[in-house]
Amino acid sequence: MNTETVGYKQETVAPAKTFVNRGASQTRLIAGVSVPDGPLITAVIEHAQRLSEPYLFNHAMRSWLFAEAIGGAKGIDYDREVVAIGTVLHDIGLTASVSGPNRFEVNGADAALSFIRGKGLSDRRAQLIWDLVALNSTPSLALHKEPEVAVGTMGIGLDYGGFGIEALPTADVEPILSAFPRLKMKQQFAERCCRLVTNKPETSHDNFLRDFGERFVPGYKAVSTVDLLMNAPFDE
């Protein structure tokens with residue numbers, strides 16, 4: 001892994017608290033956070049880094065670490081391996097290597113499912129990973145889903161907009177930001193979203209890409225759900 005862009009450090013640690021230890025027989029420390037370990041998680045991290053620009057990879061790693069920290073702080077019982085995989089891969093739909101006809105979250109979820117296929121995960125766990133990736137930018141739904149989807153979304157939301165950051169001590173947040181710096185994420189993430197809106201406007205009308213289009217892309221006009229209703233081919 002490229003240690004010039006990410007501060008990735010592995011240490012031997014004691015097992016994590018059992019209430020958040022489902023799906024994790026091994027653990028390690030990253031940026032002071034005890035996280036699940038194993039060949040599949042290592043492969044997922046390496047896959048995400050191969051696909052992603054450094055700022056986007058760092059966002060994925062911070063999101064995972066924040067999810068673990070929040071899950072532990074709140075005492076939530078969840079499958080840690082599922083959260084690791086789904087959170088680390090949650091934005092691969094924004095990368096140049098992942099494409100498709102759907103909104104980027106769905107393209108990313110399909111690509112994540114393709115990557116983990118045949119790696120020993122049950123259909124149920126694979127479905128949770130798909131849901132976490134596909135719903136990661138829709139917290140109004142994701143936070144009401146299974147604990148794995150909700151916890152992963154909490155970590156992603158914290159890194160994206162600072163949502164829920166008050167639940168974590170500053171001393172826990174700073175090592176994560178230091179190990180995986182933001183690398184002008186606000187600017188770079190916005191630019192990537194605007195490129196998607198420009199190149200594939202049809203995928204931007206029912207997700208947060210619409211906000212970037214309306215704010216930053218000249219001439220952008222989103223499809224109105226009111227117009228869809230009023231123009232439906234029915235008399236009333």
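For the peptides 189-200, 221-232, the ranking by packing is 189-200, 221-232, with the highest mean count of neighbouring Cβ atoms within 10 Å listed first. Annotation: per residue accessible area for the chain equals 50 Å², rounded to a whole number [probe 1.4 Å, protein chains only]. Using the rule -39500 (n - 2.57) for each DSSP H run of four or more residues, divided by the residues of the chain, the 222 nm mean residue ellipticity is -16500 deg cm²/dmol. Helix 39-51 and the longest principal axis of the C-alpha atoms of the chain enclose an angle of approximately 40°. Sequence-distant contacts, meaning Cα pairs under 8 Å at least 6 residues apart, place the relative contact order of the chain at 20 percent.
Centroid-to-centroid, using Cα positions, the range 46-79 and the range 124-165 are 11 Å apart.
Greater than 30 Å separation of Cα atoms is the criterion. Which listed pairs, Lys74/Lys200; Lys119/Lys184; Lys184/Lys221; Lys145/Lys186; Lys119/Lys186, meet it?
Pairs exceeding the cut-off: Lys74/Lys200; Lys119/Lys184; Lys119/Lys186.
Comparing Asp91, Asp159, Asp172 in a Gaussian network model of the chain (Cα springs below 10 Å), the most mobile by mean-square fluctuation is Asp172.
The values are calculated or read from the model by the stated rules, or taken from the named source; none is laboratory data. Not measured: the values here are computed from a predicted model. All Cβ positions, even for glycine, are placed from backbone atoms using ideal geometry, and neighbour counts span all protein chains on display. Surface areas here come from the heavy atoms of the whole protein model, side chains and all, with no ligands, DNA or RNA. Shrake-Rupley method; radii C 1.70, N 1.55, O 1.52, S 1.80 Å.
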